[in-house]
Amino acid sequence: MKIIGLIGGISWVSTADYYKLINEGINDKLGDLNFSECLLYSFNYADIKKNNEANDWDSTFKMLLKGCQFLKQGGATAIVLCANTMHVIADKLEAAIDLPIIHIATVTAIEIEKQGLKKVGLLGTKFTMELDFFKDKLKNLGIEAIIPANEADKDFIHTTIFEELGKGLVTTATKKRYLEIANQLIKEGAEGIILGCTEIPMVIKPEDLSVPVFDTALIHSNATVQFQLS
């Protein structure tokens, strides 16, 4: 089994999901008492959030590079960034650390392509929705991503990710609003909805919508299991 390095704490809630999903995936494939051989470097989310809100991606890069170097020294053969937004610097990190980074958008695009979809809704932080790092990976496979047109909707998603979901909090009102936003994207032609923040599966379940739902944390974890056993 290949050792993997997890960059977590962004947030701890979804990092815990990754650890659970990856270990369950390994055990599903190998049985008995076989689980993932992995290392975890977990950040203080407040430090990351402060940098990103100041558009200081260089400081975030330096922090994550330090974590990746720690994991590489520990024997990791690939890096998993346990958060969608952090993939804005994934390609730069991969070049600097000289280890493969299993890219969340790339593996999600492959799953969407398998279902033959050409237009999908993308929900996540404003960084994930508005910057090109995620959408470009979809575009490479001929998939168009649409995001909420209403600024208030984007602000709502962004704020609740940090103020509620990232703390493990889920309310009925927040779930209702997320579903309204997702259903509006479906009305605009989305053939599927990407849960482009690893905390959004807390409020949107596959059975909640009339189109396929792409849980990026689950897809990413499955790809990690495949890598470990390859």
Summing -39500 (n - 2.57) over every DSSP H run of at least 4 in the chain, dividing by its residue total and rounding to the nearest 500, the 222 nm mean residue ellipticity is -15500 deg cm²/dmol
The rounded separation in angstrom of the Cα centers of segment 110-138 and segment 16-37 is 27 Å
Per its Cα gyration tensor (rounded if a/c is under 1.5, else prolate when a/b beats b/c, else oblate), segment 88-156 is best filed as oblate
Expected vector for segment 141-156, Karplus 3J(HN,Hα) from phi with 6.51, -1.76, 1.60 and θ = phi - 60°, integer Hz, x for Gly and Pro, equals 10, x, 10, 8, 10, 10, 10, x, 7, 7, 4, 5, 5, 5, 5, 4
The aspartates and glutamates whose Cα lies under 18 Å from the Cα of LYS20, excluding any fewer than 8 residues away in the same chain, are ASP28, ASP32, GLU37, GLU199, ASP215
Ranking ALA173, PHE156, ALA217 by how far each Cα lies towards the positive end of the charge dipole of the chain (+1 on Lys and Arg Cβ, -1 on Asp and Glu Cβ), the top one is ALA217
Answer in debye to the nearest 20: the dipole magnitude of the chain about its Cα centre, from +1 Lys/Arg and -1 Asp/Glu charges placed on Cβ, is 140 debye
Mean accessible area per residue over the chain (1.4 angstrom probe, all protein chains present, square angstrom) is 45 Å²
A student applying the Cα gyration tensor rule (rounded when a/c is under 1.5; otherwise prolate if a/b is larger than b/c, oblate if not) would label the chain prolate
Whole-percent carbon and sulfur contribution to the accessible surface of segment 71-230 (1.4 Å, no ligands, DNA or RNA) stands at 52 percent
Length gained, ASP136-LYS176, 0.36 nm per residue minus C-alpha separation, equals 11.5 nm
Taking every other residue with Cβ under 15 Å from the Cβ of PHE70 and scoring Lys and Arg +1, Asp and Glu -1, one gets +2
With a ≥ b ≥ c from the Cα gyration tensor eigenvalues, square-rooted, and the rule rounded for a/c under 1.5, otherwise prolate when a/b > b/c and oblate otherwise, segment 86-209 is oblate
Once the in-chain neighbours fewer than 8 apart are removed, the aspartates and glutamates whose Cα is under 16 Å from LYS50 read ASP58, GLU163
Set LYS119/LYS154; LYS135/LYS175; LYS2/LYS167; LYS29/LYS126; LYS118/LYS187; LYS139/LYS187, cut-off 27 Å on Cα-Cα distance; pairs above it are LYS2/LYS167; LYS29/LYS126
Measuring from its Cα centre, segment 154-204 shows a charge dipole (+1 at each Lys and Arg Cβ, -1 at each Asp and Glu Cβ) which, in debye to the nearest 20, is 120 debye
Per the rule of 0.36 nm per residue minus the C-alpha distance, extending SER59 to GLU163 adds in nm 35.2 nm
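The values are calculated or read from the model by the stated rules, or taken from the named source; none is laboratory data. What you are looking at is a predicted structure, and each value in this text was computed from that prediction instead of being measured. Heads up, the Cβs are rebuilt from the backbone with ideal geometry, glycines too, and the neighbour counts pull from every protein chain shown. We work out accessible area using only protein heavy atoms, side chains counted, and drop any ligands, DNA or RNA first. Shrake-Rupley method; radii C 1.70, N 1.55, O 1.52, S 1.80 Å.
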